[in-house]
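What follows is a set of notes on a single structure, which appears directly below.
FYI, it's all coordinate maths here, none of it is from the lab. On a predicted model such as this, the values are computed, not experimentally measured, just so you know. For neighbour counting, all protein chains shown are included, and Cβ atoms are generated from backbone atoms with ideal geometry for every residue, glycine included.
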Amino acid sequence: GIAVAFVATIYGIGAANIVFLPFGKKIGRKIKMQGHIKEMILAGAIGIVSGMNPFIIEEKLRAYSHAHDKKEGGH
């Protein structure tokens with residue numbers, strides 16, 4: 001009984017470190033990216049609706065992009 005429990009624990013630890021943790025991190029990155037994109041869309045839409053100059057809207061959206069690049073490490 002104890003040997004089976006030990007082997008099952010080892011399999012669980014291995015599966016978590018090899019499969020599930022990297023998969024969870026990838027999902028987390030995708031969720032953050034989607035949130036960032038929605039934030040940019042909202043900022044652009046608010047600028048358009050409020051009658052803001054298109055060049056100012058463009059600069060604001062570029063600022064979002066540059067801020068995101070710095071967080072990601074300059075990609």
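Taking the mean number of other Cβ atoms within 10 Å as a proxy for protection, how do you rank 12-19, 1-8 from highest to lowest?
Result, highest mean first: 12-19, 1-8.
Can you tell me the orientation of helix 54-72 relative to the chain, as the angle in degrees between its alpha-carbon axis and the longest Cα principal axis, to the nearest 10?
20 degrees
Along Cα→Cβ, 7 Å out, is where each label goes; now give me the distance between the ones at residue 6 and residue 25 in nm to one decimal.
3.0 nm
Across segment 11-22, in residue order, what do the Karplus-derived ³J(HN,Hα) couplings come to in whole Hz, using 6.51 cos²θ - 1.76 cosθ + 1.60 with θ = phi - 60° and x for Gly and Pro?
Using θ = phi - 60°, the values come out as 4, x, 5, x, 5, 5, 6, 8, 10, 6, 5, x Hz.
Full extension from residue 53 to residue 67: what is 0.36 nm times the residue separation minus their Cα-Cα distance, to one decimal in nm?
2.9 nm
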